[in-house]
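*Asks:* Below are the structure tokens for one structure; questions will follow.
The values are calculated or read from the model by the stated rules, or taken from the named source; none is laboratory data. Just so you know, these numbers come straight off a predicted model, no measurement behind them. Backbone-built Cβ (ideal geometry, glycine too); neighbour counts: all protein chains shown. Please note that ligands, DNA and RNA were not included when accessible areas were found on the heavy atoms of the full protein model with its side chains. Shrake-Rupley method; radii C 1.70, N 1.55, O 1.52, S 1.80 Å.
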Amino acid sequence: MQTLSVVIPVYNEEENIHELYRRLKKVLTEDFSSFNYQILFVDDGSSDRTFQFISELRKNDQNIKIVQFSRNFGHHLAITAGLDHAEGDLIVTMDGDLQDQPEEMIKLYEKLQQDCDVVYGERQNKKFPFFKRACSKLFLTIIKLLVGEDIVINSHIFRIMTRQVVDQVKLCRETNRYVVGLIGWVGFKHDSIPVEHGRRFKGETKYSFSKLVRLALDAIFTFSDYPLKLIIRMGFFLVLFSFFCGSYFIFDYMFFGIKVPGWGSLIVSVLFMGGMQVFMIGLMGEYMGRMYMEVKKRPLYIVRRIVSK
Ligand code: UDP
Ligand code: MG
């Protein structure tokens, strides 16, 4: 009998654990009765009763496995740990606030049967605030432009994957990670189906604005060196532009003499050049900072304990 692992990162989700488990268990025992199941909670350093609640559930259900982090490492590292510790032949990843609805899992599975290796749920009527949806759209447009057509990149966590895909993703050990991007990067046959996006069952989002910005920058800087190439091009065009300006000024001087000395334009161009230089140094600094993090070769996350069979 094959095993289906459901990986769920949870960070201070005490209000959602019981409802999540109730709905998930129903789906796993009814729709996936031909599978053994494993529910793998990754407790991302919760400070509330999340760990206590999942431990209590585990007393009655040995199919629950818990990986508890030593502190909060973040959503994508929690998913990474989930993929590292999942034992199933098929692996589902989903959020723990019931925005991804367990009842939709069967649709992902049915699609997977049509010769796919990864099927992600394309959220319909996203239940996020307008600002978050707009930022997410902008981010996806940029990242798709940078990464190109060959890599399937999106932001859908709710997905099902085969063991083969997960084994390849596990080989990618970079510290700054956008895990759904890595799943796209390893290739294989991807497809999607529309799924309902629910409202968060209880509690507030655990993604602060700064966490979101960090994730977007991680995705952009780890998946593309295009910004660095852009710098070279911009530098080249600026040099070319200054050459044309210089020629124009010489021409102007020779035929029309010196007019009012244009210190205004001088200030503007100095500011422009100064700004460009600081921006570009900052851009390179971003890559260097990330390289620094990678060469340290620290573990991606630290596990406080694992509770399993
Ligand atoms: N999460 C996590 N670590 C974090 C932030 C979030 O494990 O540092 C989990 C959270 O418990 C939830 C999922 O990641 O299961 C998605 O987070 P959330 O619902 O807060 O994000 P949103 O849906 O608002 O983008
Ligand atoms: Mg959510």
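*Asks:* From the P(r) of the chain, can you give the percent of Cα pairs sitting at distances over 37 Å?
*Replies:* Values: 13220 of 47586 pairs.
When all Cα pairs of the chain are counted, 28 percent exceed 37 Å.
*Asks:* Next question. How many percent of DSSP beta bridges within the chain run antiparallel, rounded to 5? Write down the numbers at each step before the final one.
*Replies:* Values: 12 of 36 bridges.
So the antiparallel bridges in the chain amount to around 35 percent.
*Asks:* Probe radius 1.4 Å, ligands and nucleic acids ignored: give me the carbon and sulfur share of the accessible area of segment 244-297 as a rounded percent.
*Replies:* On the way: 3750 of 4630 Å².
For segment 244-297, the apolar C and S fraction of the accessible surface comes to 81 percent.
*Asks:* For the chain, with only Lys/Arg (+1) and Asp/Glu (-1) charged at the beta-carbon, what is the dipole magnitude about the Cα centre, in debye rounded to 20? Can you show the working numbers first?
*Replies:* Values: 40 positive and 35 negative charges, 143 e Å.
That gives a dipole near 680 debye.
*Asks:* Taking N as the number of residues in segment 1-119, what is its Cα Rg relative to 2.2 N^0.38 Å?
*Replies:* Values: Rg = 13.6 Å, N = 119, 2.2 N^0.38 = 13.5 Å.
So segment 1-119 has a normalised radius of gyration of 1.00.
*Asks:* Still on this structure: Over the Cα atoms of segment 69-150, compute the convex hull volume and normalise it per residue, giving Å³.
*Replies:* Once divided by residue count, the hull of segment 69-150 is 160 Å³.
*Asks:* If you average 1/r over every pair of different alpha-carbon atoms in segment 159-309 and take one over that average, what Kirkwood value in Å do you get? It would help to have the intermediate numbers written out before the result.
*Replies:* Details: mean 1/r = 0.0475 Å⁻¹.
This gives a value of 21.1 Å.
*Asks:* A 20 angstrom limit on the alpha carbon distance is what I want to check against. Which of Lys144/Lys229; Lys137/Lys229; Lys170/Lys309; Lys25/Lys309; Lys170/Lys206; Lys107/Lys189 exceed it?
*Replies:* Working: Lys144/Lys229 17 Å; Lys137/Lys229 24 Å; Lys170/Lys309 22 Å; Lys25/Lys309 18 Å; Lys170/Lys206 25 Å; Lys107/Lys189 17 Å.
Where the Cα-Cα span goes over 20 Å, the pairs concerned are Lys137/Lys229; Lys170/Lys309; Lys170/Lys206.
*Asks:* Which whole-angstrom value gives the distance between the alpha carbon centres of segment 40-108 and segment 135-186?
*Replies:* About 20 Å separates the Cα centre of segment 40-108 from the one of segment 135-186.
*Asks:* Cut-off under 14 Å on the C-alpha distance; same-chain residues fewer than 8 positions from Lys296 excluded. Which aspartates and glutamates are left, in chain and number order?
*Replies:* Partners found: Glu174.
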